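A short reminder: the numbers here are calculations on the coordinates, not readings from a lab. Keep in mind it's a predicted model, so treat the numbers as computed, not measured. Don't worry about glycine lacking a Cβ; one is built from the backbone with ideal geometry, like all the others, and counts go over all protein chains shown.
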Amino acid sequence: MLGVVGARPGRQRGFDGASIQKRVSLDSGTFWIALRMIDRKNNRPGFSPAQPAAVAEQLFLFGPDLEPVEPEVVFVRSDRARHYRLTLQRDGAAVATIPRRGSEREARRFVEQHRDWLKRARARQQTRPRAAAVWTAGAAVLWRGETQTIRPTADGGRPVVVLGADVFRLPRSEGDLRPALEAQFARLARIELPARTWELAAATGIAIKQVTIRNQRSRWGSCSARGTISLNWRLMQTPDFVRDYIIYHELSHLREMNHSARFWARVEAVCPEWRAAERWLKRHGGLAGL
Ligand SMILES: [Zn+2]
């Protein structure tokens with residue numbers, strides 16, 4: 001979404017990975033935005049401008065001293081935008097969009113007019129519900145998009161937890177059930193998510209080579225130019241349309257290794273409900289552990 005105009009790959013001092021960088025002007029000076037590229041095949045930082053090895057969803061912001069900073073507001077230009085816009089991203093960054101014929105000065109005025117909104121949005125974000133750290137009997141957990149209560153029962157002497165139509169057998173019913181349950185969620189993910197990905201790849205005519213399921217704390221999915229799609233097992237906790245959106249998103253990256261207008265047009269064509277999915281992730285992502 002951040003138009004990486006004049007992006008150049010490069011190695012940055014104090015930054016241990018290959019990255020795309022863009023200089024941006026903020027209220028408090030000039031900074032660098034760096035998109036960290038990770039070569040998923042070799043599992044190390046890497047980026048080739050001719051053939052991007054991977055797309056990373058992580059975005060870092062560096063101050064002049066090359067330390068990550070918390071920006072007040074990031075100003076970005078968008079040829080697609082028709083109006084000034086202020087958004088608060090999931091990572092806490094506030095982004096002011098300057099439309100094609102707009103000016104940064106006008107954008108700053110727009111931000112000033114919406115200070116109160118930004119303050120409220122930040123406060124809302126901080127009180128966003130988080131998943132319980134420990135899952136004991138009675139704890140609420142997100143499963144296939146529904147909030148379910150963990151109620152261990154016995155099935156022929158063995159403790160089980162029933163979430164919707166799924167039955168999970170547990171070694172015991174006391175204490176923190178989270179490690180045992182999450183292990184089973186991940187096991188189910190390794191069966192269901194690759195199957196769904198192959199199905200959607202076939203439906204969209206996009207060739208993939210491999211699907212891997214990962215345990216990631218910071219993102220839902222990623223892909224490599226070689227055709228490997230990696231998905232977070234926590235997608236089992238999201239509604240089906242959100243899970244499908246993430247798969248479509250990564251499949252679309254195999255055609256467009258960026259977040260350009262062309263990329264989003266592709267996503268829109270195969271997954272018209274992507275905006276609702278993004279909204280769901282914004283609202284409930286914390287409950288799914290992200
Ligand atoms: Zn993406």
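Structural remarks
- For the range 236-243, Karplus couplings with θ = phi - 60° (6.51, -1.76, 1.60), whole Hz, Gly/Pro x: 5, 8, 8, x, 4, 5, 6, 4
- In this structure the amide hydrogen of Cys223, modeled in the peptide plane, comes within under 5 Å of the amide hydrogens of Val55, Ser230, none closer than 5 places in sequence on its chain.
- Whole-angstrom gap from the range 187-205 to the range 233-268, using each part's C-alpha centre: 13 Å
- Pairs of Cα atoms farther than 21 Å apart, the range 123-227, %: 49 percent
- The modelled label-to-label distance between Arg122 and Gln89, using points 7 Å beyond Cα along the C-beta direction, is 1.7 nm.
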